[in-house]
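The values are calculated or read from the model by the stated rules, or taken from the named source; none is laboratory data. Fair warning: this is a prediction, and the values are worked out from it, not measured in the lab. Glycine gets a Cβ as well: all are built from the backbone with ideal geometry, and neighbour counts include every protein chain shown.
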Amino acid sequence: MMGCLDETRTLNYGQVFVQFSGSRSNSRRSIVKGKVVVARNPCLHPGDVLVLRDIDVPDLHHMVDCVVFPQKGSRPHPNESSGGDLDGDIYFVCWDPDLIPSKQI
């Protein structure tokens, strides 16, 4: 998913917003909620894998098929993941509980 910035300043550090569309024949959209794993492509170090909290933000419902990162925080999450800077970076996002690490390295 393409990385984007939360221009509404709603998301706090440690949070993201992800909404994805269905197949071409299905126009249904789904909003992810709960813990997610986020990693910038390419991810070359285990410390570049982030465990974040995905929340529903109605003001961001127009953002689809991307991961929205907060403006808030001492260091931007995209930068924490392989030095990303949201200039077209692609991110792996996973919400399968079996694949989410119990702690971040």
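In table form, for the structure just shown:
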item: Of all residues making up segment 41-67, the number that are over 15 Å from W95 (Cα atoms) and of a type outside the set (S, T, N, Q); result: 15
item: Residues (more than 12 Å from the chain's Cα centre (by Cα) and at positive phi) located in segment 46-88; result: G73, S82, G83, G88
item: Any hit, segment 15-26, residues being in contact with a Ser or Thr (Cβ under 8 Å, 6 or more places away or on another chain), of a type in the set (K, R) and either over 17 Å from L86 (Cβ atoms) or in contact (Cβ under 8 Å) with a residue 24 or more places away in the chain (or both); result: no
item: Test: V93 is buried (at least 18 other Cβ atoms within 10 Å of the Cβ), modelled with pLDDT under 95, touching a strand residue (DSSP E or B) at 6+ places or on another chain (Cβ under 8 Å) and aliphatic (A, V, I, L, M); result: no
item: Selected residue (criterion: nearest to the chain's Cα centre (by Cα)) from residues of segment 4-45 that are among the β-branched types (V, I, T) and more than 15 Å from V64 (Cα to Cα); result: V38
item: Residue within segment 19-37 that is under 19 Å from D98 (Cβ atoms), hydrophobic (A, V, I, L, M, F, W, C) and in contact with a helix residue (DSSP H, G or I) (Cβ under 7 Å, 6 or more places away or on another chain) present; result: yes
